[in-house]
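Q: What follows is a single structure, and I will ask about it in a moment.
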Amino acid sequence: LKGGSILEGAGFLVFGDNLDECQNFCRLVRKFSKSYGLRDLGPNGPTDRPVYMFAATESSTRDQEVRFGLYPCGRYEDWQKGRRPYIGHEDPDIIVCRIDSGKDVPKPVFAAEFNSSIPAGNNAWQRFPRIAQAAEKGIPFLYVVPVCDAEVKDGNIRSLRHPNSIIQIGQMILMEKWKTMSLTIFLESPWYAEGLARGLATREVNGKEGEMVFAGLVIAELLRSAGFAGDAELLMEKSFRTALNEMLEQMAAFVETDFALLKGHGVLDATSRRSVIDAWWSRIKTSQSIPPRFDFWDWQPTRLLKAGIPFGKTMSTECKYDSRMNPLMTLRSKPSPSEIREFCKTWSIELDSYEVRGVRDEVLKKAESIPLSYKHPPNELGFIFNTKDFARLVNSVYPDLPSSIVDRISKAKPPLLFLPIAGYVMDTGGPAFSRPDKGLVGLVTTVFGRSPHFNERVVLLYSELVPEGWQTGLHAATTSGKDWKEAGSNNLWRELASLATIVVCDVHGDGVAL
Amino acid sequence: MKLEDLLLVQPGKISEDHVVNFLAMLFTEPDWLRVYYNPPSGSWKAVNLYRKGYLYSQVGPKRGVRLIKRPDLAVQDARQSSLVRLFLMEAKVDRSDWEADLPEKMRAYFEGTADGKATGLRNTPFFHKRSLPGGPWECLKETDSDYNWFKDTKVEYLFCFAYTVGKVSADSEVSKEIPWLTEAANGVSDSCPSLFLCISWKEPIPDPRVAYAFSRTFPEAIAGRVKSALASYTVKSDLQ
């Protein structure tokens, strides 16, 4: 050891998916330490796993220098259960813990998730439950993602994409609810110039300052945890404002494609930007309520009817839902006369006053009759106002469904939230619960699930791989205190148990009310 | 708390992650430049190569079942500019995971397979480059002279197989591995210059200890550099 026992202060353990991510995290703090007034004392200890050491002086008490060290601990699974941190049923890429002695159980003070690429389509939200569970535990969380990315296979560019801003919408809601920081940090990307040229990136958010903002937020948290109240707060506020401003820029830029329901909402109005940031900072700092004009998560039925867009799901899984239900849930952009007739019949729309040809727009104006969604198709979930006809449709496709469930759907106070997901997919070694779907359920729970206006939330599982007796696992997930894994449960069931009031299974034609 | 106390907080087990992390911390700048890193639970696709003051970035091919092997770590020799010298490394917990065709499979990640069933990285052009350090990203076009430079340049491959005997209380526990290391090194083909490395961590503070052997064709100059990088961890000097 260089210099003997020179660390007298705060010790932080950095756990993660692997040692490289833990080391990178420590190196990032080191890279920007000088910018934020820290003295870099260098790594100390074994070469392969040193303690990264820093010193700081509180500006109000200049004579007192305090030191702290970051120790990369590596992957969670290498640690015994009682010696590693947990912030929920999923492990994020990084958890930073404070310890005061070697015997302490590590106490999480901060967590982060890094995406080196932007997940495609349905994968965009697969990590969301990690973000949500950290907020619930009051642990500050940073979600790090490149500002633009491409999917490349064998040297060919398959698609160029921007990060889906529904994640940032979810984080805004989490911050409001749990009064805990949850931010996205956008990083620089080689694909930025191409993204900018194709409207998939903006001039305002280029990711160039991303690493520095990330380091600012991390260092502020470390300083706060080490007892530097004043300096930490100033740094935290400055970095928070920068990060949230970029989140709001992205949300506003992609509202049309990612979340059209919020188009024109005051929270995304550029002239209100400063007030919005003030409101969220005050929320996490002093628990002040968000002004009603910025409340966008209440989802008043009148707003859904006014701004909702006709539901439309695309899928490739062979199942009853795909062949019989989905075609009647959505009206394609150029429907045939017979398709229009069938759609209108299903949703009790009187066509007498319209010419059959070219009536799509008129049909769609009857918003209260047809399933709506939060953005232009393809989309994932539907808002059902016409619950009686929806119940009839469900019953005709799944005749063995208990009548109590059909009745409950029929009598639900509209709007009803409807989420069709595969639920199970074929993975290496056999069927596994789907990570994208698990993430989607967690995201929907955060974004829509807490609204008092969705009394019934129906999830339909359409994968043919959903195992028989699936209800056992689902029930185990709703029961606390039991070993839910041994009872056949998994993280998909855990997410479903938080969201759904009714679950219908396509392949078995059965369902349960929760 | 004291530094010593922090270092005494140790995981219950030593895994492949510790092995590849040791390699990554050892083969580092300024001598070696990181090209590719794929630790446990990591799905890093980015491949970076270095040429004439530029960093070139590409997305690596997926693992081809039984045909190619993504190395756990690949580094580029920073001292070599007339050709690209790549050191491809595989980390395992147990030496029984060594397979004789491992070097060829790692080479195929870059070269592709002879039957064309797997496309190697050299057959795909680079999309982006940036001047070092930290210049702006530039898109490469087909008309750019360096669009296909990696395909056209000479590449030399070196290989490393590393494993661990975990935590040890005495150096002799690592020395015991020397016969196996030597036999394995003598068994590889001349076309696959290889380093075989066993790593352990001496308790209580996890201090790395290594034993190693080079195959016959491993370049002497590079072996000298590796030996000197490993010197402070080597349980027995001059094993060769």
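Bear in mind that the values in this text are calculations on the coordinates, not laboratory data. Everything numeric here is computed off the predicted structure, so don't read it as measured data. Please note: Cβ atoms are built from the backbone with ideal geometry, for glycine as well, and neighbour counts cover all protein chains shown.
Q: Over all residues in A:19-27, what is the mean tally of Cβ atoms on other chains that come within 10 Å of each residue's Cβ?
A: The per-residue average across the peptide is 4.
Q: Amide H of B:G120 versus every other amide H placed in the peptide plane: which residues, excluding those fewer than 5 positions away on the same chain, fall under 5 Å?
A: B:G112, B:T113
Q: Give me a single rounded figure for B:115-127: the average over its residues of other chain Cβ atoms within 10 Å of their Cβ.
A: The shielding value for this peptide is 2.
Q: Same structure again: For chain B, modelled as a Gaussian network with Cα springs under 10 Å, which listed residue fluctuates most, B:E138, B:E16, B:E111?
A: Checking each option, the largest mean-square fluctuation is seen for B:E138.
Q: Just to be sure I follow the definition: excluding the sites themselves, where is the longest run in chain A that has none of the GluC sites (Glu not before Pro) in a DSSP loop with at most 16 other Cβ atoms within 10 Å?
A: A:9-203
Q: Give me the Debye-computed log₁₀ of I(q)/I(0) at q = 0.08, 0.10 Å⁻¹ for chain B, equal point scatterers on Cα only, no solvent, two decimals.
A: -0.32, -0.50
Q: For the stretch A:219-277, what ratio Rg/Rh do Cα atoms give with a Kirkwood hydrodynamic radius?
A: Result for the stretch A:219-277 is an Rg/Rh of 1.17.
Q: Over the Cα atoms of the stretch B:148-240, each weighted equally, I'd like the Debye log10 I(q)/I(0) at q = 0.11, 0.14, 0.20 Å⁻¹, rounded to two decimals.
A: -0.35, -0.53, -0.92
Q: Here is a further query. With N set to the number of residues, divide the alpha-carbon radius of gyration of the stretch B:96-211 by 2.2 N^0.38 Å and report two decimals.
A: 1.50
Q: So, how do all the Cα-to-Cα distances of the stretch A:22-151 break down into 5 Å bins, in percent, from 0 on up?
A: 2, 9, 16, 18, 19, 16, 12, 6, 2, 1, 0
Q: Have a look at B:L88, B:L140, B:L102 and tell me which one the Gaussian network model of chain B (Cα, springs below 10 Å) gives the largest fluctuation.
A: Greatest mean-square fluctuation among the candidates belongs to B:L140.
Q: Also: If you count, for every residue in B:129-138, the Cβ atoms of partner chains within 10 Å of its Cβ, what is the mean?
A: Across B:129-138, the average partner-chain Cβ count within 10 Å equals 2.
Q: Beyond a 20 Å Cα-Cα separation, which of these cross-linked pairs lie in this structure: B:K92/B:K167; A:K177/A:K285; A:K103/B:K13; A:K137/A:K179; A:K177/A:K313; A:K34/B:K45?
A: Exceeds cut-off: A:K177/A:K313; A:K34/B:K45.
Q: In whole Å, largest first, what are the principal axis extents of the Cα atoms in chain A?
A: Principal extents (largest minus smallest coordinate, Cα): 86, 53, 50 Å.
Q: Would you mind pulling out the separation of the Cα centroids of the stretch A:125-178 and the stretch B:123-172, in Å?
A: 28 Å
Q: How would A:T472, A:T479, A:T445, B:T164 line up from fewest to most surrounding beta-carbon atoms within 10 angstrom?
A: A:T479, A:T472, A:T445, B:T164
Q: Determine the equivalent ellipsoid of the stretch B:1-47 by diagonalising the alpha-carbon gyration tensor, then write out the semi-axes as square roots of 5 times the eigenvalues, largest first, rounded to whole Å.
A: Equivalent ellipsoid of the stretch B:1-47: 26, 16, 9 Å, largest first.
Q: Apply the Karplus parameterisation 6.51 cos²θ - 1.76 cosθ + 1.60, with θ equal to phi minus 60°, to every residue of the stretch A:163-179 and state each ³J(HN,Hα) to the nearest whole Hz, in sequence, with x for glycine and proline.
A: These are the phi-based 3J(HN,Hα) values: x, 5, 7, 5, 5, 5, 4, x, 5, 4, 5, 4, 5, 5, 6, 9, 6 Hz.
Q: Quick check: convex hull of the Cα atoms in the stretch B:181-222, volume per residue, rounded to a whole Å³?
A: Value for the stretch B:181-222: 62 Å³ per residue.
Q: Mind checking which of B:A100, B:A162, B:A221 has the largest fluctuation in a GNM of chain B, springs on alpha carbons under 10 Å?
A: Greatest mean-square fluctuation among the candidates belongs to B:A221.
Q: With the contact rule set at Cα under 8 Å and sequence spacing of 6 or more, what percent relative contact order holds for the stretch B:3-233?
A: 17 percent
Q: Nearest 10 degrees, 0 to 90: what angle lies between the long axis of helix A:273-286 and the longest principal axis of chain A (Cα atoms)?
A: Result, in degrees: 70.
Q: If you don't mind, there's one more thing I want to ask. In whole Å, how far is the Cα centre of the stretch B:32-99 from that of the stretch A:211-273?
A: 36 Å
Q: Please report, to two decimal places, log10 I(q)/I(0) for the stretch A:231-357 at q = 0.12, 0.14 Å⁻¹ as given by the Debye formula with identical point scatterers on the Cα atoms and no solvent.
A: At q = 0.12, 0.14 Å⁻¹ the computed log10 ratios are -0.69, -0.80.
Q: Principal axis extents for the stretch A:163-321, Cα atoms only, whole Å, descending order, please.
A: For the stretch A:163-321, the Cα extents along the three principal axes come out at 58, 40, 36 Å.
Q: Let me ask something else about it. Tally Lys and Arg at +1 and Asp and Glu at -1 over the other residues with C-beta under 13 Å from the C-beta of B:C139: what net charge comes out?
A: -1
Q: To the nearest Å, what is the center-to-center distance of the stretch A:23-86 and the stretch B:1-24, using C-alpha atoms only?
A: 14 Å
Q: Then there is this: Net charge within 14 Å of A:A243 by Cβ-Cβ distance, Lys/Arg positive one each and Asp/Glu negative one each, not counting A:A243 itself?
A: Local net charge: -3.
Q: Before anything else, pin down the relative contact order of chain A: Cα pairs under 8 Å, at least 6 apart, normalised by residue count, whole percent.
A: 11 percent
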